[in-house]
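K.L.:
One structure, pasted below without further comment.
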Amino acid sequence: MSPQMIDRLWQAGLDTLVMVGASAGIAVLAGLPLALFLVTSGPGGIFPAPRANRVVGMLVNGFRAVPFIVLLVALIPFTRLVTGTTIGVWAAIVPLSVSATPFFARIAEVSLRDVDAGLIEAAQSIGCRRRHILAHVLLPEALPGIIGGLTITIVSMIGASAMAGAVGAGGLGDVAIRYGYQRFDTTVMMAVIAILIALVCVVQFAGDTAVRRLRTR
Amino acid sequence: MAGLAFDGIREPGGWVATGAAEARPVSVVRAATGSRAAGTVRFETVGKTYLSAAGAVRALDAIDLAIPAGTIFGIIGRSGAGKSSLLRTVNRLEEPTSGRVLVDGEPIGALDTAGLVTLRRRIGMIFQHFNLLSAKTVRQNVALPLAVAGVPKAEIGPRVDEVLRLVGLEDKAEAYPSRLSGGQKQRVGIARALVSRPEILLCDEATSALDPETTLSILSLLRDINRRLGITIVLITHEMSVIREICSDVVVLEQGRIAETGPVWRVFGSPEHPATRALLEPLTRDLPEDLAARLQPNPVPGGATVLRITCSGEAPDLSALTAAAGAPVRLLQAGIDRIQGRAVGRMLVAVAGADPDAENRLRALGTDIERIGHVAADD
Ligand SMILES: Nc1ncnc2c1ncn2[C@@H]1O[C@H](COP(=O)(O)OP(=O)(O)O)[C@@H](O)[C@H]1O
Ligand SMILES: [Mg+2]
């Protein structure tokens, strides 16, 4: 491999990290409140709002139903509105976040729902207000599951970011298509695959370690 | 203003008496103005109906009950009788669908969110499955009621140490709950319930997940807390031995209604309601089968009369019994227990002959006797 190619791969790897990192950040910031809303606004929840709960639930399902590649294209006008462009790393972050947020929200929702109702009752019995229940019961007790869910989300986002590369987002997927596929450069293709595998392994290992630490205290 | 005197304003900005106070029965006023007003609970025609997909379930039906301050009050009944529903109306984890609950004479149904939070800080609760937060250490679990109440950190530390010492867990402060045994977890639960110095402690099957030995140690801790701190304890259990061990009064629930209530020695000594009898069945030795098989409804020539003598308070005077019987008396079976310092239980005796006067003389002694049949001589 030429030094330029190594340079190109390095740059593409960084682009992928930025795309995935920023989108994961947005997915957590938007998805966690969404998950909390879905859990607490349902019937019998601590902030009951059944109608809003149904509407938000349906919206989340809607976004979850659209395949990422379709979302990528369908969101182009929105992406242009937000970032002023439709190509490059920052433009890819929009569809990636939009796709990852409901995905992560549903996974976090499952963990939050798993928190024993008895713990919420115990908190109420000692005079916790609802915000205390969020801060002291729901989030800390669901944290291992949420971290595990975030790991899954990031791993699937690494795959999606490669897909976004195919439509001009840059990153490892872009290099793989342009050099590996269109110019039949098998070495580049293999290198991209190796980097992607390494990335996924690192993320999975970090996530698993964090979850294990939290669970075994 | 008469009402204010006993409702008491516990703290500035706390709750105050309502106009309804004037309408309260005299007995309540007297109970509340006693030496220790804090810690009374009163249920007034409390009803609770759950609406579920399967239809309406009437869990509580017109419950009228007063729990005096400083008592250890037991709630028993079969599964589904409404015990938890009743207990949970005291801190409004459950809202009654009719009637009202008064704590220290104050109807709690009208409290707003802030009032409810204040009320709950005066009422501790412990649970069958402990319900400790797994992400927090013992110290953080116990400190939580104070932390969310905005108590300054400098005060929380010493207070948490104090209650951990009270429950005997000072060396476990930094451990996570997953590292503790069941009994230790329940002690943390008790410490968390006591840390804000409540007047009332609610226990829902608090020992049901524990082995007998640990149960005894938790019960003696509860009794200790009741004596030393004067806290009213209301506890649900399905173990009659728990009631006998520490309760002063008991209420028996059956299908959402009060079957019977009173001091434990009386309810256990002479249970009147079939529901109570059914619950006590394992404790009260019934007629031995061999005897039951030979029992006959009519006197047997040369035989004996079998009497059941029930003791609920007085220890039976055996020589007085034989003297009154005026005939040889054989003790067939007996189980006398002491509850709250009173003799409680029953004896089966065979009195030779079939003299109705002997029974009358025994009754004249004030003993509770019941003829259950006759047997032939060699029995
Ligand atoms: N949240 C609920 N929704 C519907 N029914 C309930 C609910 N909680 C309790 N019940 C019903 O109310 C009755 C009394 O329940 P509970 O108070 O838990 O009884 P206990 O504690 O004596 O076993 C039972 O028939 C139970 O099925
Ligand atoms: Mg129950």
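The values are calculated or read from the model by the stated rules, or taken from the named source; none is laboratory data. This is a predicted model, so every value here is computed, not measured. Ideal geometry is used to build each Cβ from the backbone, glycine not excepted, and the neighbour counts take in all protein chains shown. Surface accessibility is based on the protein's heavy atoms, side chains included, excluding ligands, DNA and RNA. Shrake-Rupley method; radii C 1.70, N 1.55, O 1.52, S 1.80 Å.
K.L.:
Output the direction-averaged projected area (hull surface divided by four) of the convex hull of the alpha-carbon atoms of region B:293-342, in nm².
P.N.:
For region B:293-342, the mean projected area of the Cα convex hull comes to 4.7 nm².
K.L.:
Let me ask you something else. Reachable lysines from B:Lys48, Cα under 24 Å, same-chain residues fewer than 8 places away excluded?
P.N.:
Cross-link targets: B:Lys83.
K.L.:
What FRET efficiency would be calculated for the residue pair A:Ile76, A:Arg129, taking the C-beta separation as r and a Förster radius of 35 Å, to the nearest 0.05? List each step's numbers first, then the result.
P.N.:
Working: r = 44 Å, r/R0 = 1.27.
Working from the Cβ atoms, E equals 0.20.
K.L.:
Here's another thing I want to ask about it. What nm distance separates the two modelled labels at B:Ala376 and B:Glu170, each placed 7 Å from Cα along Cα→Cβ?
P.N.:
That separation, rounded to one decimal, is 7.1 nm.
K.L.:
Percent antiparallel among DSSP beta bridges with both residues in the protein assembly as shown, to the nearest 5?
P.N.:
75
K.L.:
Using the 2.2 N^0.38 Å rule of thumb for compact globular proteins, work out how chain B stacks up: its C-alpha Rg over that value, please.
P.N.:
With N residues counted in chain B, Rg over 2.2 N^0.38 Å equals 1.19.
K.L.:
Within 10 Å, count the other beta carbons around each residue, average over each peptide in B:130-136, A:191-197, and list them highest first.
P.N.:
Numbers: B:130-136: 21.0, A:191-197: 17.4.
The densest-packed peptide leads the list: B:130-136, A:191-197.
K.L.:
Using a 1.4 Å probe, what is the accessible area per residue for the protein assembly as shown, in Å²?
P.N.:
For the protein assembly as shown, the per-residue accessible area is 47 Å².
K.L.:
Say each of B:Val300 and B:Arg58 gets a label point 7 Å from the Cα, pointing the same way as Cα to Cβ; how far apart are those two points in nm?
P.N.:
4.8
K.L.:
If I build a Gaussian network model for chain B, linking alpha-carbon pairs within less than 10 angstrom, which residue out of B:Arg308, B:Arg244, B:Arg228 has the largest mean-square fluctuation?
P.N.:
In the Gaussian network model the winner is B:Arg228.
K.L.:
So if I place +1 on the C-beta of Lys and Arg and -1 on the C-beta of Asp and Glu, and nothing else carries charge, what would the dipole magnitude of region B:52-110 be about its Cα centre? I want it in debye, nearest 20.
P.N.:
Working: 6 positive and 6 negative charges, 50 e Å.
Dipole size: approximately 240 debye.
K.L.:
Relative to 2.2 N^0.38 Å, what does the C-alpha radius of gyration of region B:289-375 come to as a ratio? Two decimals please. Walk me through the numbers before you get to the answer.
P.N.:
Numbers: Rg = 12.8 Å, N = 87, 2.2 N^0.38 = 12.0 Å.
Rounded to two decimals, the normalised Rg is 1.07.
K.L.:
Report the full-extension gain for the segment A:Ser156 to A:Thr209: residue separation times 0.36 nm, less the Cα-Cα distance, to one decimal in nm.
P.N.:
Between A:Ser156 and A:Thr209, full extension yields 17.2 nm more.
K.L.:
Hey, if you put +1 on the Cβ of every Lys and Arg and -1 on every Asp and Glu Cβ in region B:48-127, which of B:Met125, B:Pro68, B:Ile108 ends up farthest toward the positive end of that dipole?
P.N.:
Highest projection toward the positive end goes to B:Met125.
K.L.:
Which positions within region A:118-135 get 40 Å² or more of their accessible surface covered by the other protein chains, compared to the chain by itself, with a 1.4 angstrom probe?
P.N.:
Buried-area filter returns A:Leu119, A:Glu121, A:Ala122, A:Gln124, A:Ser125, A:Ile126, A:Gly127, A:Arg129.
K.L.:
Using the per-residue mean of other Cβ atoms lying within 10 Å as a proxy for protection, in what order, highest first, do the peptides B:182-194, B:50-62 fall?
P.N.:
Taking the mean over residues of other Cβ atoms within 10 Å, the ranking is B:182-194, B:50-62.
K.L.:
Here is a follow-up. Using only the alpha-carbon atoms of region A:3-215 as identical scatterers, what base-10 log of I(q)/I(0) does the Debye formula give at q = 0.11 Å⁻¹?
P.N.:
These q points yield log10 I(q)/I(0) values of -0.60.
K.L.:
Which percent of the accessible area of region A:3-215 is formed by carbon and sulfur heavy atoms (probe 1.4 angstrom)? All intermediate terms of the calculation are to be shown ahead of the outcome.
P.N.:
On the way: 7290 of 10520 Å².
So the carbon and sulfur contribution to the accessible surface is 69 percent.
K.L.:
With all protein chains present and a 1.4 Å probe, how do B:Glu245, B:Glu314, B:Glu106, B:Glu239 order by accessible area, largest first? Before the final figure, lay out the partial values.
P.N.:
Numbers: B:Glu245 80, B:Glu314 155, B:Glu106 10, B:Glu239 50 Å².
Result, largest first: B:Glu314, B:Glu245, B:Glu239, B:Glu106.
K.L.:
Of the candidates B:Val41, B:Val148, B:Val90, which one comes out as most mobile in a Gaussian network treatment of chain B with C-alpha springs shorter than 10 Å?
P.N.:
The residue that fluctuates most here is B:Val148.
K.L.:
So, one more: Mind checking which lysines have their C-alpha under 22 Å from B:Lys136, skipping anything on the same chain fewer than 8 residues away?
P.N.:
Result set, ordered by chain and number: B:Lys153, B:Lys172, B:Lys185.
K.L.:
Once R0 is set to 45 Å, what does the formula 1/(1 + (r/R0)^6) return for the Cβ-Cβ distance between A:Gln4 and A:Met58, expressed as a FRET efficiency to the nearest 0.05?
P.N.:
Efficiency computed from Cβ-Cβ geometry: 0.35.
K.L.:
Of the options B:Leu201, A:Pro48, B:Pro263, report the single residue whose Cα projects farthest towards the positive end of the charge dipole of the protein assembly as shown (beta-carbon charges: Lys, Arg +1; Asp, Glu -1).
P.N.:
A:Pro48
K.L.:
Next question, about the same structure. Roughly to the nearest percent, how much of the accessible area of region B:161-299 is carbon and sulfur, given a 1.4 Å probe?
P.N.:
Values: 2800 of 6250 Å².
Result for region B:161-299: 45 percent of the exposed heavy-atom area is carbon or sulfur.
K.L.:
Only Lys, Arg, Asp and Glu count, each charged at its Cβ (+1, +1, -1, -1), so figure out the dipole size of the protein assembly as shown about its Cα centre, rounded to 20 debye.
P.N.:
Its charge dipole is roughly 1720 debye.
K.L.:
For region B:81-183, take the alpha-carbon Rg, divide it by the Kirkwood Rh, and send me Rg/Rh.
P.N.:
In region B:81-183, Rg relative to Rh is 1.03.
K.L.:
Before anything else, pin down the relative contact order of region B:289-375: Cα pairs under 8 Å, at least 6 apart, normalised by residue count, whole percent.
P.N.:
The normalised contact order for region B:289-375 reaches 47 percent.
K.L.:
Cβ under 10 Å from B:Arg244's Cβ, B:Arg244 left aside: what net charge do those residues give with Lys, Arg +1 and Asp, Glu -1?
P.N.:
That works out to -2.
K.L.:
Of the options B:Leu287, B:Leu219, B:Val306, report the single residue whose Cα projects farthest towards the positive end of the charge dipole of region B:204-353 (beta-carbon charges: Lys, Arg +1; Asp, Glu -1).
P.N.:
B:Val306
K.L.:
Before rounding to the nearest 500, sum -39500 (n - 2.57) across all DSSP H runs of length at least 4 in the protein assembly as shown and divide by the residue total; then give [θ] at 222 nm in deg cm²/dmol.
P.N.:
-15500 deg cm²/dmol
K.L.:
Can you sort B:Thr45, B:Thr207 by solvent-accessible area, 1.4 Å probe, largest first? Please report the intermediate quantities before stating the final value.
P.N.:
Working: B:Thr45 70, B:Thr207 5 Å².
Order by accessible area, largest first: B:Thr45, B:Thr207.
K.L.:
List the relative contact order of chain B as a percent without decimals, with contacts defined as Cα pairs under 8 Å and 6+ residues apart.
P.N.:
Answer for chain B is 16 percent.
K.L.:
Here is a follow-up. Quick one: dipole size for chain A, taken about the Cα centre, charges +1 on Lys/Arg Cβ and -1 on Asp/Glu Cβ, in debye to the nearest 20.
P.N.:
Numbers: 16 positive and 10 negative charges, 90 e Å.
So the dipole magnitude of chain A works out to roughly 440 debye.
K.L.:
Tell me the total accessible area that A and B bury against each other, 1.4 angstrom probe, in square angstrom rounded to 100.
P.N.:
Summed over both sides, the interface buries about 1900 Å².
K.L.:
Ok, one more. Using a 1.4 angstrom probe with every protein chain in place, what is the largest-first accessible-area order of B:Lys172, B:Lys48, B:Lys153?
P.N.:
In descending accessible area the options line up as B:Lys153, B:Lys172, B:Lys48.
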